[in-house]
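Structure, as structure tokens:
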Amino acid sequence: MCYHKKLQHQKAAIEQRFKAEFEPNATAFQPTAHSNGFTFPKDPVITNKDTKTLHYYQWGLIPAWAKDDSFKQYTLNAKIETLHEKPSFKNVVNNRCLIPADGFYEWQWLDPKGKQKQQYLITLPNEALFAFGGIWSEWVDKTTGEIVHSYSIVTTAANALMSKIHNTKKRIPVILSPENENNWLNGQSFEAFKTVNLDLKATPV
């Protein structure tokens, strides 16, 4: 799964890489070395509705039909194999987004019960920027009337590297090549993204 990631590049580099600008009047972007999904941060994303702007969406997708925002703790990730089946995701499978990052963290179990673990940082060579494939939703808080935009990182079966590191559930976030980013946003079949073939680097932390 993917619950911990980082984005340490500066704002200008992110805008140049993704050919998009941060939304006006947004909170000033702050590079972060470790973002914990269970704090439900607001992160920059690019959606299929507006490919030229980096908007801030909350990590942890809240379905439009949800009575409250408690769903977010269960929807940091979304399995690519069951997106069309899960009630939380099936109505937003065409709401695609890119989640910029330059690394994510995973823990390898060193014993059968996971009492001893080794943390790894997973990056591209030179910690280059990349995008996770994600889906997003719009939810209205019935109490306050606030509109909350949120997202989930889509995951797939682990590749060879991640099978050794994420050696319990054997998953990997969908990491898009630059050539595939527009295909993701434009709604290409999920079948095309089930394999992650990028050259990834795992560094013990």
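The length gained by stretching the chain between TRP65 and PHE40 to full extension, at 0.36 nm per residue less their Cα-Cα distance, is 7.1 nm. Cross-link partners for LYS6 among the aspartates and glutamates, with Cα-Cα distance under 16 Å and sequence neighbours closer than 8 places in the same chain left out: ASP43, ASP102, GLU106, GLU127.
The ratio of the alpha-carbon radius of gyration of the stretch 127-205 to the globular-protein estimate 2.2 N^0.38 Å is 1.36. Counted residue by residue at 0.36 nm each, then reduced by the alpha carbon distance between them, the extension gain from THR51 to ASN182 reaches 46.3 nm.
Summarising the amide proton neighbourhood of ASN167: residues at separation of 5 or more, or on other chains, whose placed amide H is nearer than 5 Å comprise TRP109. Only one of the values (1) 84, 46, 31; (2) 63, 35, 33; (3) 48, 37, 31 was calculated from this structure for Cα extents along the principal axes in Å; name its label. Checked against the structure: label (3). Amide H contacts under 5 Å for THR32: LEU7, GLN8, restricted to partners 5 or more places along the chain or on a different chain, H placed in the peptide plane at 1.01 Å from N. Counting only aspartates and glutamates at least 8 places from LYS52 when in the same chain, those with an alpha carbon closer than 15 Å to its own are GLU15, GLU21, GLU23, GLU181.
Separation of the stretch 159-180 and the stretch 1-27, taken as the distance between their Cα centroids, equals 22 angstrom. Peptide packing: for 81-90, 125-134, the average count of neighbouring Cβ atoms within 10 Å per residue gives the ranking 125-134, 81-90, highest mean first. Computed from the C-beta positions of GLU138 and ALA13 and an R0 of 45 Å, the FRET efficiency is 0.95 to the nearest 0.05. For GLN73 and GLU191, what is the calculated FRET efficiency with R₀ set at 30 Å and r taken between the beta-carbons, to the nearest 0.05? E(calc), rounded to 0.05, equals 0.55. Any idea what the relative contact order of the chain is, in percent, if you count C-alpha pairs under 8 Å spaced at least 6 apart? About 23 percent, as a whole number.
Peptides 181-188, 99-106 ranked from most to least packed give 99-106, 181-188, packing being the mean of other C-beta atoms within 10 angstrom over each peptide's residues.
For the residue pairs LYS86/LYS194; LYS5/LYS117; LYS170/LYS201; LYS142/LYS194; LYS11/LYS79; LYS5/LYS194, the C-alpha atoms sit more than 27 angstrom apart in LYS142/LYS194; LYS11/LYS79. Highest-first packing order for the peptide set 163-169, 146-152, 113-119, 55-61 is 55-61, 146-152, 163-169, 113-119, based on the mean count of other beta carbon atoms within 10 Å. Placing a pseudo-label 7 Å from each Cα along the Cα-to-Cβ vector at SER163 and LYS113 gives an inter-label distance of 2.8 nm. Computed over the alpha carbons of the stretch 52-162, Rg followed by Dmax gives 16.2, 48 Å.
Read-outs throughout are calculated quantities, based only on the coordinates presented, and are distinct from any laboratory measurement. This structure is a prediction, so every number in the text was calculated from the model and none was measured. Counting neighbours? That spans all protein chains shown, and the Cβs are built from the backbone with ideal geometry, glycine included.
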